[in-house]
Amino acid sequence: MTPPDIDVAWTRACDGLGLPRGATLAVDEASVLLKYLVAEGAAIPSQIPQGCAVHRARAVLRQLIEAGLAGMDGALPAAACRSVERALREDGLYGERILDLAVADLVSEPMAPEVCIAIDSWEELPADGSSWHHAIVFHTAPLVTHEIYPLAADACVHDARQSGPYFRVLGVHGDWIGDGHARRVLFFDASRDRFLEASLIDPVRLDSAQFLALGERQMERHRGWSSSLSCQLLNPWSAAAAADDKQGLRRKWQSAGLEIPAGILLPPGDRANAHAFLHGVEEIVIKPNQGTEGNRVLYLRGEDDDAPDRLDVQLTACWEWGDVLLEHRRDGVGWRDPDTGRIHSLALRFNVAHDGNRHRAESGYAHIGADPQHPACRGAGGTSLPIATVVNSLVCRADVGSVEFHDRDLDRLRELAETAVAAHDHIALAGLDLVLDTDGTGGVTPVLLELNPRPAGLAHSRFLPGAGEGRGEAGVSLTMWDGISQRRHATANQAIGV
């Protein structure tokens, strides 16, 4: 690395950690410096091989390990440099975690504080006055703090209202768990406004856990890692598996009289019924029955000349994951960007939590598609915006006429989200997705799509009116923590025979 590269990374590290520029970094803060060194190097295509962000970052990290940390005397004390060089050479996990942090910087805007990684193991998790360890069990590490941070912040607010602290939220990779304990943890230190990560000589017992950011094999990982935990599980495997079954959910919602798109479930190889369905409606949606977060979802218009061929290609891809669900496309309402005038597809995500007595839709955000013909999800090039930002610019996709949306409509959507989640058993926190169709009178008709027992995009969530502090601030759920507390007390009472 050249001196200019080091200076840029050093400046970014100091800014991210809230330190004066030019401050000497501690050994655990070296992970932030290394993150930016790797990210800055990987962002210059002429200096490293072409490829995806992970490939480029890995090449830069390899160069850094081979070259050593010469020239960083100002940023790190000599002893810290030696410790970091040793960790990079000998501790594969330390290097992989630096890679995760660098990739996160390359692919996303920062939406959580920096991560400081301890090189040497701690004897135990330092006490902070909390009495309950809640684990966020994850697999996909680069952006996991974007999911942990809002939940940890919510727990802090909840505990302050309860004269806490009470809950401590710990990020725990599934491979860090053994016998119901975590031997390595990632957690938010509110007093220093940063995440800390360390291995523990004395593993910490987990009191409750939920599963997020599990990657493409998330259902398999959820099932496997659940078996290693004996604590209170939010969305246990059986409940999550039922929620992952879109066709099963459709039957439940239809029986409850809730609006869903018409559709059919196709086993692998049933192309004849797929093509018949395509030719019977104007637009269809193809999706894996057990996919999630928009993975392998495609919109098709039956009148397009290439629609049959594209359908066959998509069916082949989706059947790799099992049965395929074909539905009528029902998102008749889109969003017009006030700045560009362009129309985009739209879906709404409501985060619904159980407070120990009932489900409450406390927060959410809007999925915005890249254009009207692509699904409203980040995986298809979309983005996320606050619900309050989009509901004043709704349009009918067919004729681009304005669609009215009032406060009572938001209340109606929240009630629908709560009813839809309540139709499913043992769900403590889930993301409920719905789209809006036109009702023929200039208003909206909500149509349910799916339920996500491992909701993603939590950093984009904003509290809805009347929830949180009532300011539309960032957050996911405060009542979820009430639900955990109530289940804890119920379990304790059962144990003593009350």
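Filtering segment 123-166 down to residues that are more than 21 Å from the chain's Cα centre (by Cα) and aromatic (Phe, Trp, Tyr), which residue is farthest from Glu216 (Cα to Cα)?
Tyr166
Please go through segment 236-271 and pick out each residue that is within 18 Å of Leu449 (Cβ to Cβ) and within 21 Å of the chain's Cα centre (by Cα).
Result: Ala240, Ala242, Ala243, Asp244, Asp245, Lys246.
Enumerate the strands (runs of 3 or more DSSP E) found wholly within segment 388-458, keeping only those where 3 or more residues are touching a residue at least 12 places away in the same chain (Cβ under 8 Å) and buried (at least 22 other Cβ atoms within 10 Å of the Cβ). Please lay out each step first, then the result.
Values: elements: 394-396, 429-438, 444-452.
Counting at least 3 such residues, we get 429-438, 444-452.
Yes or no, residue by residue, for (1) in contact with a Gly (Cβ under 9 Å, 6 or more places away or on another chain); (2) closer than 28 Å to Leu348 by Cα; (3) of a type in the set (S, T, N, Q):
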residue: Leu265; (1), (2), (3): no, yes, no
residue: Arg271; (1), (2), (3): no, no, no
residue: Ala274; (1), (2), (3): no, yes, no
residue: Trp319; (1), (2), (3): yes, yes, no
residue: Leu325; (1), (2), (3): yes, yes, no
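What do you reckon, is Thr383 without any contact (Cβ under 8 Å) to a residue 24 or more places away in the chain and under 25 Å from the mean Cα position of the chain (by Cα)?
On the way: without any contact (Cβ under 8 Å) to a residue 24 or more places away in the chain: yes; under 25 Å from the mean Cα position of the chain (by Cα): yes.
For Thr383, the condition - without any contact (Cβ under 8 Å) to a residue 24 or more places away in the chain and under 25 Å from the mean Cα position of the chain (by Cα) - is met.
Residue-wise test of (1) in contact (Cβ under 8 Å) with a residue 24 or more places away in the chain; (2) closer than 28 Å to Gly215 by Cα; (3) acidic (Asp, Glu).
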| position | (1), (2), (3) |
| --- | --- |
| Ala9 | yes, no, no |
| Gly22 | yes, no, no |
| Ser31 | yes, yes, no |
| Ala39 | yes, yes, no |
| Gly92 | no, yes, no |
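If you check every pair at least six apart or on different chains, which have Cβ atoms under 8 Å apart with a residue in segment 356-368 that is in contact (Cβ under 8 Å) with a residue 24 or more places away in the chain first and a residue that is charged (D, E, K, R) and in a strand (DSSP E or B) second?
Listed pairs, sorted by first residue: Ser363/Arg462; Gly364/Arg349; Gly364/Arg462; Tyr365/Arg349; Tyr365/Arg462; Ala366/Arg349; His367/Arg349; His367/Asp433.
When you check Ala13 against the structure, is it surrounded by 16 or more Cβ atoms within 10 Å (Cβ to Cβ) and more than 15 Å from Asp193 (Cβ to Cβ), yes or no? Can you show your working first?
On the way: surrounded by 16 or more Cβ atoms within 10 Å (Cβ to Cβ): yes; more than 15 Å from Asp193 (Cβ to Cβ): no.
Spelling it out, it is not the case that Ala13 is surrounded by 16 or more Cβ atoms within 10 Å (Cβ to Cβ) and more than 15 Å from Asp193 (Cβ to Cβ).
Scan (1) touching a Ser or Thr at 6+ places or on another chain (Cβ under 8 Å); (2) buried (at least 18 other Cβ atoms within 10 Å of the Cβ); (3) closer than 22 Å to Val285 by Cα for the single condition Ser363 breaks and write down its number.
For Ser363, the exception is condition (3).
For segment 246-293, how many residues are of a type in the set (A, V, I, L, M) and not in a strand (DSSP E or B)? Steps first, answer last, please.
Our first condition is that a residue be of a type in the set (A, V, I, L, M); within segment 246-293, this holds for 249, 256, 258, 260, 262, 264-266, 272, 274, 276, 278, 281, 284-286.
Filter again for not in a strand (DSSP E or B), leaving 249, 256, 258, 260, 262, 272, 274, 276, 278, 281.
Of the residues in that region, 10 qualify.
Residues that are out of contact with any Leu (no Cβ under 6 Å at 6 or more places or on another chain): list the strands (runs of 3 or more DSSP E) wholly contained in segment 153-236 that include at least 3 such residues. Let's see the steps before the verdict.
Working: elements: 167-173, 181-189, 194-205, 208-211.
Of the strands (runs of 3 or more DSSP E) lying wholly inside segment 153-236, those with at least 3 residues that are out of contact with any Leu (no Cβ under 6 Å at 6 or more places or on another chain) span 167-173, 181-189, 194-205.
Would you confirm, using the coordinates I've provided, whether Gly334 is over 30 Å from Asp482 (Cβ atoms), crowded, with 23+ Cβ neighbours inside 10 Å and either in contact with a helix residue (DSSP H, G or I) (Cβ under 7 Å, 6 or more places away or on another chain) or not hydroxyl-bearing (Ser, Thr, Tyr) (or both)?
yes
Can you tell me which residues in segment 160-196 are surrounded by 19 or more Cβ atoms within 10 Å (Cβ to Cβ) and within 23 Å of Arg471 (Cβ to Cβ)?
Result: Phe167, Val169, Phe188.
Being of a type outside the set (A, V, I, L, M, F, W, C), assigned to a helix (DSSP H, G or I) and either in the same structural domain as Asn351 (by TED's automatic domain parsing) or without any contact (Cβ under 8 Å) to a residue 40 or more places away in the chain (or both) is the requirement here; does Gly129 meet it?
Working: of a type outside the set (A, V, I, L, M, F, W, C): yes; assigned to a helix (DSSP H, G or I): no; either in the same structural domain as Asn351 (by TED's automatic domain parsing) or without any contact (Cβ under 8 Å) to a residue 40 or more places away in the chain (or both): yes.
For Gly129, the condition - of a type outside the set (A, V, I, L, M, F, W, C), assigned to a helix (DSSP H, G or I) and either in the same structural domain as Asn351 (by TED's automatic domain parsing) or without any contact (Cβ under 8 Å) to a residue 40 or more places away in the chain (or both) - is not met.
Conditions first: (1) of a type in the set (A, V, I, L, M, F, W, C); (2) at pLDDT below 95; (3) outside the structural domain of Thr145 (by TED's automatic domain parsing). Leu266 passes all but one, so which condition is the exception?
Leu266 satisfies all of (1) of a type in the set (A, V, I, L, M, F, W, C); (2) at pLDDT below 95; (3) outside the structural domain of Thr145 (by TED's automatic domain parsing) except (2).
The values are calculated or read from the model by the stated rules, or taken from the named source; none is laboratory data. All values reported here derive from a predicted model rather than from experimental measurement. Don't worry about glycine lacking a Cβ; one is built from the backbone with ideal geometry, like all the others, and counts go over all protein chains shown.
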